[in-house]
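Working notes for the structure below.
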Amino acid sequence: MRSLPSSNRAVDSETQIKDAVHRFEDLINRHISDWFQSGSKISKDDQSFKLVLSQQLQIVKQEISSFTKTLKAEEHYSTEEDKQQQQQHHHQKQSYYFAWQIHRREKMVGLDSELKELQDWLFSGDPKRDVMSVVGMAGIGKTTFVEQVYYNSRLVENHFKHRLFLPIGPHYQLKDTLLLALDQLGVHENLNKNPLSNYVYKSLLGTKYLVVLDDVWNTRVWDQLRHVFPDNRNGSRIILTTQLLSLTRPIGGKTIQIPLLDEDQSWKLLREIVFTRGESCSKELEKIGRKIAKKCEGLPLAIIEVGKLLSKIDKMVEKWKTVAENEDPLTITIDDDTPLSKALLLSYDMLPQYLKVCFLYMGVFPKSYEIPRSKLIDLWASEGFLDPQNKGKKRSLEETGDECLNELISRSVVLNTKLSSVDTKRTKTCRLHFTFRNICVSEAQSKKFFPIIKKYNESSFPEDVIKKQRRLCFQNNVVLGIEQVRTWMEESLPGARSLLCFGPKQQYPVDLYLGFKLLKVLDALAIRFYEFPHRVLNLDGDELPSSISCLWKLEVLIVHRHHNIKSSNLPPVYLPIEIWKLHELKHIDCVGFDLPEPSPADDSLILEKLLTLSGVSAHSCTQGVLARTPRLAKLGIRVEASQEDEAFEALSFFGGDYFASRAEFESFKCHVVDPSPRCRAVCSMVNFPKNIKKITLSGCGFPWENVKAIADLPNLLVLKLRWSAFCGAKWETTTCGEEIGFPKLKLLLMEDLDIQKWEAGNEHFPMLERLIIRHCYKLEKIPPEIGDIPLLEMIQVDDCNPAVVTSARGIQDKKASWGNDKFRIQIHSSWDNEKPTRE
């Protein structure tokens, strides 16, 4: 359905080049691996190796030469053929496009507030020609949403003299669009004397008009058409629909982002499709139908496709149960000829090549998996997908990864599920809609990019698919323990570079095969080990060995000791001093271990790239350690009960000059394990650096009068006060001093505190956007002054005194009386056994 003959031939040539390059790369890396493991003693085979290397290099050159000739031949012989097939594909898409919209026009549910916003904008008194962009993922109903106003409103028909609905699409041609506009304007004669754009301009000049540019894919469309539509200063309007949020910035105007349907709306749409002509739906079928609708994850076109399937089967409980038991309500592949597959595949095909590989790789994660941004970018970087010099800019791998992820989100193919609490414009977690994930898996398997293995049988391991795979993804970790699978992995996958184990966590250990010489990426956090795998690192007992220095390219080290291994009465266990030789380390998370302080005489032991150090105790916070981590941005420490006095004494390093000049230091976490009252006698010694942006405290037991040290921080954006971070019945924010308290704070979390009264003055928290209060059972109310904060967007209350909920609703009423309809509160009570309610 999607590939033209010439592109198929080019893809075949591209595959041959990749295979040749992989062979060449494997040859070099195997030689390096053998050389490293032998202790640099290989010499006699150097000449033979060079000969083989030269031969393989010639093969790569021949493949590239053949590929170049193929492309030139395609340009010469197949250009017209491709154009004809592209046009045919485009016309087929457009003919279906209109047929589907006519069918869908009466099948929209929800979006009441968005429709009101669109209508208010259309009829506003602003005389200037204005633009509205409607943005959302494929199949979400952007066109249907606009048509609710364009076709179904008599008011719109009477308000605008001319209305133009112009489908654009990815194969946009200016001439075709102008001819369609003239046809809708009723202009058909004498079109050869002047440019077509002049006829459109003159026909609209002096009139009030509404234009819809549907399915826009690039700014070229707007650049060519913007001058065709005159600004008559009479309230004319232009609406664009697009999947690309990035288009809205250069175009300007307002933007409406179409959300996915909620569970009730999804069921309502499904019911309207399946139960027509006044048919009733039994409670049993509704219960199952809601489960089916929920699995569509709020995408209207997916719900429509499922509705068509259900309409073809008997409306019986057992029949519907069969559909509900499937992991996905629809099986979607790249070869399907359904409207949904076409729409999704178009979104994928329109991605630049450097984004396609990043997008496809996201298919390795299980369905509905919330992918941490940092983990995704680390995997992209480890796989070699990121080019820091792409687009002529030189950036870090993390900056490049951030840019790729933001672009995928902007193109509506990746869902942004959670934002960073420090930088609310930065993604914290994301995920794929199940429909796009199915496209990823189907395309990846067709290209032998990665196989996903969920069970063991002969069909799960077809030789033509698995052989020479460089990546393996297991979503059932038990399969890894099967002897036949281990044998197959050993014999058939000599060049495997990545092993990803994303199945459910196992209670018992799995004997994981790790004999891959060229293994580069191993993600096995879901697998339980009683000892670290010897083939990766020779670890024996409770300590990391000095041989860890062999992993000289290691960037991330995550080692968590079992809680039963360590007693609080024992001295700290340090990582080996050789850890300082791993100069590529960026992140260390080592609960139960500490970072040793090197000898002052050895100034070569520096971790210049280390950004994160977490899980350590205060023993790791010496001047000698911190001075050797010049780029440290995030520090997280654990304090054992028996170490409280010395731990808080160690925290006095915050009072020195070390952090004064460290603008990159932004985050500090401190968790006191099983604190005792003695902690409170020494906690006042903590003095936070002025440049810190995020503080998370738990179990510290600070008295509330000490909060001034935090309130005065000029750059603090996020403050999370968890279990007993502060103790005392009353917090008077007004006692923070004459200066404005918490001048830049955007998020405040209060969780499991014994506070009863909270008093806040008008001058504090001027930039607060989100307030979250959890399990503060004694708190009597939220200070009403919090409602006076102009930037406040949301208050969340989980399992608190009912009076706290009442005060939150009072703040909402105050905001509403000021015309702030976007402020919301979210209430959750575990006694209600329901999801959080949004009001």
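We did not get these values from a lab; they are worked out from the coordinates using the rules stated. Bear in mind the structure is a predicted one, so any value in this text is a computation, not a measurement. No Cβ is skipped: glycine too gets one built from the backbone with ideal geometry, and neighbour counts run over all protein chains shown.
For the reader, a short list of remarks on this structure follows.
- Once the gyration tensor of the Cα atoms in the stretch 263-325 is diagonalised, the equivalent ellipsoid follows with semi-axes of 15, 13, 11 Å, ordered largest first.
- In the frame of its principal axes, the stretch 713-832 has Cα extents of 41, 38, 20 Å, reported largest first.
- Packing-based ranking, highest mean first, of 181-194, 207-220, 307-320 given that Cβ atoms within 10 Å are counted: 207-220, 307-320, 181-194
- R426, R163 arranged by Cβ crowding within 10 Å, fewest neighbours leading: R426, R163
- Within the stretch 373-458, the proportion of Cα pairs with more than 19 Å between them is 51 percent.
- Ordering 614-625, 282-293 by mean Cβ neighbour count within 10 Å, with the highest value first, yields 614-625, 282-293.
- Residues with amide H under 5 Å from that of C727, placed H, sequence gap 5 or more: F702, W704
- In terms of other Cβ atoms within 10 Å, S54, S724 run from fewest to most in the order S54, S724.
- Put simply, the amide H of I256, placed in the peptide plane, has neighbours under 5 Å in S133, V134, V135, leaving out anything fewer than 5 places away on its chain.
- Computed from phi, the 3J(HN,Hα) profile of the stretch 109-124 under the Karplus parametrisation 6.51, -1.76, 1.60 (θ = phi - 60°) reads 10, x, 6, 4, 5, 5, 5, 5, 4, 5, 5, 4, 5, 4, 9, 5 Hz, with x in place of Gly and Pro.
- Distances between placed amide hydrogens fall under 5 Å for L610 paired with R631, all partners being 5 or more residues away or on another chain.
- Computed from the Kirkwood radius of its Cα pairs, the Stokes-Einstein diffusion coefficient for the stretch 108-257 at 20 °C and 1.002 mPa s stands at 136 µm²/s.
- For the cross-link pairs K295/K720; K746/K781; K428/K746; K375/K822, the ones whose C-alpha atoms lie over 26 Å apart are K295/K720; K375/K822.
- Highest average packing first - 246-258, 370-382, Cβ atoms within 10 Å: 370-382, 246-258
- The stretch 263-325 - percent relative contact order, Cα under 8 Å, separation 6 or more: 46
- Taking θ as phi - 60° and the Karplus parameters 6.51, -1.76 and 1.60, the scalar couplings of the stretch 811-821 work out to 5, 4, 4, 4, 4, 5, 5, 8, x, 8, 7 Hz in sequence order, x denoting glycine and proline.
- With neighbour counts taken as other beta-carbon atoms within 10 Å, the residues K61, K669 rank, fewest first, as K61, K669.
- Magnitude of the charge dipole for the stretch 693-839, about its Cα centre and with charges confined to Cβ atoms of Lys, Arg (+1) and Asp, Glu (-1), is about 420 debye.
- Derived scalar couplings between HN and Hα for the stretch 168-179 equal 9, x, x, 9, 4, 10, 4, 4, 4, 5, 5, 4 Hz in order, rounded to whole Hz, by the Karplus curve 6.51 cos²θ - 1.76 cosθ + 1.60 (θ = phi - 60°), x for Gly and Pro.
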